[in-house]
Amino acid sequence: MTYRTILSIALAVGFSPIPAIGTQGTSSAVADAVKALAAARPKFRWEVHRAVVADVNCDGRLDYAIPGAAGKTYAVAVVFGPVKKGEYPTVLEFGLGDATKQDSLCSDTADLKMESLDYDPSGPLGGPLPGFRRSTTCRGLVVIDGACDSFHIFWNHDAKRLEWWRL
């Protein structure tokens, strides 16, 4: 997969340039996933150029997390690798700008970053986090707005899905 191929496909479907994203999957499979995401959630402005690439579900393969926004909603779409044609991304949505809600960011903007999972959240949370496994190899995602507590996204090993926590 080359950057030029991915860039051409991304521009063809109306996205900003995507960075080189590793060697897992094929450029056409990644482009198919991006197209599926755009078709499924057309109101969102997907910021493909800000994608985070990491092993999120702890299977030893790279996954692709793409932030997006629509109105007062911020979203994180994750395509689990290796990307296969016809695969639909998992999307988590969060409110924007409403400090009164636990599932909303306080400001109108946010950043998506990768974070280490080499920590124990039970201390800050006051007890164990179901499905969370400490890891030195897998990565979590964190949504940061700088105005209130961040959203920490992790793979729930018990439920086999993405979940989040925040203080």
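The residues of the stretch 50-66 that are farther than 17 Å from F154 by Cβ and free of Cβ contacts under 8 Å to residues at least 60 places away in the same chain, listed by number, are A51, I66. Applying the criterion of being surrounded by fewer than 16 Cβ atoms within 10 Å (Cβ to Cβ) and in contact (Cβ under 8 Å) with a residue 60 or more places away in the chain to the residues of the stretch 118-155, the residue that is farthest from I66 (Cα to Cα) is R133. Of all residues in the stretch 95-112, those being buried (at least 17 other Cβ atoms within 10 Å of the Cβ) and in contact (Cβ under 8 Å) with a residue 60 or more places away in the chain number 1.
Out of curiosity, is D149 within 20 Å of R50 (Cβ to Cβ), in contact with a Leu (Cβ under 7 Å, 6 or more places away or on another chain) and acidic (D, E)? Spelling it out, it is not the case that D149 is within 20 Å of R50 (Cβ to Cβ), in contact with a Leu (Cβ under 7 Å, 6 or more places away or on another chain) and acidic (D, E).
Closer than 22 Å to F154 by Cβ, outside any loop (DSSP other than H, G, I, E, B) and at pLDDT 90 or above: is that true of V78 in this structure? So that I can check it myself, show each step before the final result.
Values: closer than 22 Å to F154 by Cβ: yes; outside any loop (DSSP other than H, G, I, E, B): yes; at pLDDT 90 or above: yes.
Yes.
Among the residues of the stretch 46-92, the ones that are under 18 Å from A110 (Cα atoms) and loosely packed, with under 15 Cβ neighbours inside 10 Å come to 3 in all.
Annotation: L141 fulfils all but one of (1) modelled with pLDDT of 95 or more; (2) part of a loop (DSSP other than H, G, I, E, B); the unmet one is (2).
With respect to the conditions (1) closer than 20 Å to L167 by Cβ; (2) without any contact (Cβ under 8 Å) to a residue 40 or more places away in the chain; (3) not in a strand (DSSP E or B), E115 lacks only one, and its number is (3).
Just wondering, is there one or more residues in the stretch 120-135 that are within 11 Å of the chain's Cα centre (by Cα) and assigned to a strand (DSSP E or B)? The answer is no, given that none of the residues of the stretch 120-135 is within 11 Å of the chain's Cα centre (by Cα) and assigned to a strand (DSSP E or B).
Okay, residues lined up against (1) in contact with a Gly (Cβ under 7 Å, 6 or more places away or on another chain); (2) over 18 Å from I153 (Cβ atoms); (3) modelled with pLDDT of 95 or more:
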position: Q24; (1), (2), (3): yes, yes, no
position: A29; (1), (2), (3): no, yes, no
position: Y74; (1), (2), (3): no, no, yes
position: V83; (1), (2), (3): yes, yes, no
position: G86; (1), (2), (3): no, yes, no
position: T90; (1), (2), (3): no, no, no
position: G97; (1), (2), (3): no, yes, no
position: D108; (1), (2), (3): yes, yes, no
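The values are calculated or read from the model by the stated rules, or taken from the named source; none is laboratory data. These numbers were taken from a predicted model, which means no experiment stands behind them. Here the Cβ is made from the backbone with ideal geometry for all residues, glycine too, and neighbour counts use every protein chain on show.
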